[in-house]
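The values are calculated or read from the model by the stated rules, or taken from the named source; none is laboratory data. Bear in mind that the values here come from a model prediction, so they are computed numbers and not experimental data. Heads up, the Cβs are rebuilt from the backbone with ideal geometry, glycines too, and the neighbour counts pull from every protein chain shown.
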Amino acid sequence: MIKIYAVLLFGIFSVSVASIIIKLTYDVPALIMSTYRLVISSVILIGISYFKRKNVRLSSKKELFVAVLSGFFLSIHFISWIASIKYTSVASSVTLVSTSPIFVLLFSVLIFKEKQDKKTILAVLGSVIGSGLIAFSDSGMITGGFDKKALLGDMLAVVGAIAVSVYFMAGSFLRRNIDTFHYITLVYSFAAFFSLLFAIASGESFVGYRPVSYLYMLLLALVPQLLGHTSFNWALKHLKANAVAISTLGEPIGASILAYLFFSQTVGVGQLIGMVIVLASIVIAVKSGYKEG
């Protein structure tokens with residue numbers, strides 16, 4: 001159990017730096033940044049597979065379909081979330097994208113017909129209210145103004161939360177029979193493929209950015225992706241998808257602290273209240289209906 005907690009803590013630390021790296025890579029479009037992140041990660045993993053002669057195999061067409069689905073939604077997650085950070089504050093973006101456990105709960109009810117108690121339903125409502133408060137505060141509606149850019153960023157972060165919740169649920173299914181290395185090689189590669197297709201279709205350039213931006217994108221692939229997300233994928237073998245999604249809730253705290261240190265970004269009263277409501281709602285949801293194993 002201690003090992004699981006240690007790996008999750010390491011994963012949280014690793015992914016917390018992602019938003020800072022993204023902010024620093026301001027000259028690169030979100031779609032291109034996501035593509036570089038995923039392509040670099042998958043190339044490294046495929047290279048390791050080749051030299052260590054590791055064969056990545058799936059036992060059924062169903063597993064292949066789920067792996068493709070997982071990769072697709074992972075690409076959507078990164079594209080939308082990276083874009084959101086370019087429009088809104090780091091604190092709001094990482095808090096809203098961390099509502100993924102709530103969507104895992106909703107999908108469990110709608111798709112798998114799992115019954116939920118009153119506390120879980122209350123948690124879902126609380127998360128919606130908290131997320132709305134963050135969005136309204138961010139956009140300036142509460143203070144009488146209106147920032148369409150910030151609101152767009154908040155909406156993109158929610159799209160990222162929905163996408164990553166599907167990714168976690170698909171991963172929970174695949175990790176029953178596939179080890180961590182094989183799983184991440186497959187899914188990261190599929191995600192890279194989809195991101196590459198989207199980038200080519202968009203017409204965005206892959207070159208012409210600041211030299212330091214390419215270093216940042218390499219770091220994005222090595223630290224948040226290969227170290228951070230892989231830690232969460234390892235945990236999917238031992239914990240339910242919702243429990244793993246919950247562990248990512250440490251990211252808003254770490255990212256907000258780093259954003260204050262690097263960019264002097266403060267958290268407003270409305271945002272702070274919304275963050276507290278969202279985090280409290282998700283904790284209630286987990287305690288009321290989801291346990292390890």
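Results, tabulated for the structure shown:
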{"quantity": "Conditions (1) modelled with pLDDT of 90 or more; (2) touching an Asp or Glu at 6+ places or on another chain (Cβ under 8 Å): number failed by ASP154", "calculated": "(1)"}
{"quantity": "Those residues of region 175-188 which are out of contact with any Leu (no Cβ under 7 Å at 6 or more places or on another chain) and surrounded by 21 or more Cβ atoms within 10 Å (Cβ to Cβ), in sequence order", "calculated": "ILE178, LEU186"}
{"quantity": "Answer from VAL39, VAL28 - the residue that is modelled with pLDDT of 80 or more, surrounded by 16 or more Cβ atoms within 10 Å (Cβ to Cβ), not in a helix (DSSP H, G or I) and not charged (D, E, K, R)", "calculated": "VAL28"}
{"quantity": "Within region 199-230, considering residues that are of a type in the set (Phe, Trp, Tyr) and in a helix (DSSP H, G or I), the one surrounded by the fewest Cβ atoms within 10 Å (Cβ to Cβ)", "calculated": "TYR214"}
{"quantity": "Test: LEU196 is in a helix (DSSP H, G or I) and closer than 25 Å to ILE12 by Cβ", "calculated": "no"}
{"quantity": "Where a residue in region 170-184 is touching a residue at least 12 places away in the same chain (Cβ under 8 Å) and small (Gly, Ala, Ser) and its partner, wherever it lies, is crowded, with 17+ Cβ neighbours inside 10 Å and part of a loop (DSSP other than H, G, I, E, B), with Cβ under 8 Å and at least six apart", "calculated": "GLY171/LEU236; SER172/LEU236; SER172/LYS240"}
{"quantity": "Residues located in region 1-20, provided they are assigned to a loop (DSSP other than H, G, I, E, B) and within 16 Å of the chain's Cα centre (by Cα)", "calculated": "VAL17"}
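Okay, residues lined up against (1) under 13 Å from the mean Cα position of the chain (by Cα); (2) under 29 Å from TYR87 (Cβ atoms):
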position	(1), (2)
ASP154	no, yes
GLY160	yes, yes
VAL164	yes, yes
TYR167	yes, yes
LEU174	no, no
THR180	no, no
THR185	no, no
PHE194	no, yes
LEU197	no, yes
